[in-house]
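Beneath this line is the structure, given in structure tokens, with notes to follow.
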Amino acid sequence: MPPDASLVRPAARREIPEIAAVTAAAYAEFRDRIPTAIFEAYMDDLRRLADRWEEAEVLVGELDGRIAGTVTFYANASSEGMGLPRGWAGFRRLAVHPAMRGRGVGRALTAECVEAARRLAAPTVGIHTAPFMTAARGIYDRLGFRRCPEYDLQAAAILGLAAGGGDIAVIAYRLDLAER
């Protein structure tokens, strides 16, 4: 069932517990692919949704009257602290509940972030993901994002952890809007 844009909307603060539950369910599948310390620190970051409420816009995607997914949109990607240039827009923490996957929620949330960047006249949308997040990377590829390895990072450094407990690559993508 293809979604329509009306299912994507700004989140309300009262929805934080439901959004946190959707995000935790979405990222649980990666527990065995990520070193334990990194996984736990990242899950803690995901749960601190209220901490970023003033610096970014939290969006949700609804299906059947329930929150099926979420993403955090940054009008200025440099405010994320992930090394992306000032002036670029960006998004992070894209998550779709496993029971709601395959229905276009991730694509709709991503497309809304791209459209928000266009409305702001941002020249580029920059994002980070991980190599094993194949479904998300497929969405980004189909929408025209391309790799920009000059902005790649390591998860331990982002999360303030020592790399001795293991690490994973955090890979960067960009979508240049002026070209479209």
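Computed from the coordinates by the stated procedures, all read-outs in this text should not be read as laboratory data. These numbers were taken from a predicted model, which means no experiment stands behind them. We place every Cβ from the backbone using ideal geometry, glycine too, and count neighbours over all the protein chains shown.
Over the Cα atoms of the range 5-179, what Rg and Dmax result, in angstrom?
15.1, 45
Between Ala24 and Ala121, how high is the FRET efficiency from 1/(1 + (r/R0)^6) when r is the Cβ-Cβ distance and R₀ = 22 Å? Nearest 0.05.
On the way: r = 35 Å, r/R0 = 1.59.
Efficiency at R0 = 22 Å is approximately 0.05.
For the range 136-152, what does the Karplus curve 6.51 cos²θ - 1.76 cosθ + 1.60, with θ = phi - 60°, yield as ³J(HN,Hα) per residue in whole Hz, taken in order and with x for Gly and Pro?
Working through the residues one at a time gives 5, 4, x, 4, 4, 4, 5, 8, x, 5, 9, 5, 9, x, 5, 10, 5 Hz.
Using Cα pairs under 8 angstrom and six or more residues apart, how large is the relative contact order of the chain, in percent?
Computed value for the chain: 22 percent relative contact order.
Would you mind telling me the antiparallel percentage of the DSSP bridges in the range 5-179, rounded to 5?
Percentage antiparallel, nearest 5: 90.
Using θ = phi - 60° and the Karplus curve 6.51 cos²θ - 1.76 cosθ + 1.60, what whole-Hz ³J(HN,Hα) does each residue of the range 8-14 get, with Gly and Pro shown as x?
3J(HN,Hα) across the range 8-14, in whole Hz: 9, 8, x, 7, 9, 3, 5.
Once fully extended, how much extra length lies between Ala162 and Arg146, figured as 0.36 nm per residue of separation less the alpha-carbon to alpha-carbon distance? Don't jump to the answer; show the numbers that get you there.
Numbers: separation 16, 0.36 × 16 = 5.76 nm, distance 2.96 nm.
Contour length minus Cα-Cα distance gives 2.8 nm.
Sticking with the crude label model, points 7 Å out along Cα→Cβ, report the distance from Arg14 to Gln154 in nm, one decimal please.
4.6
Using the Karplus curve 6.51 cos²θ - 1.76 cosθ + 1.60 with θ = phi - 60°, work out ³J(HN,Hα) for each residue of the range 104-109 in order, rounded to whole Hz, and write x for Gly and Pro.
3J(HN,Hα) across the range 104-109, in whole Hz: x, 5, x, 5, 5, 5.
Can you check how the C-alpha radius of gyration of the range 74-117 compares to 2.2 N^0.38 Å, as a plain ratio?
Numbers: Rg = 12.3 Å, N = 44, 2.2 N^0.38 = 9.3 Å.
Ratio of Cα Rg to 2.2 N^0.38 Å: 1.32.
How high is the FRET efficiency from Ala178 to Arg48, r the C-beta distance, R0 25 Å, rounded to 0.05?
Values: r = 34 Å, r/R0 = 1.36.
That gives a FRET efficiency of 0.15.
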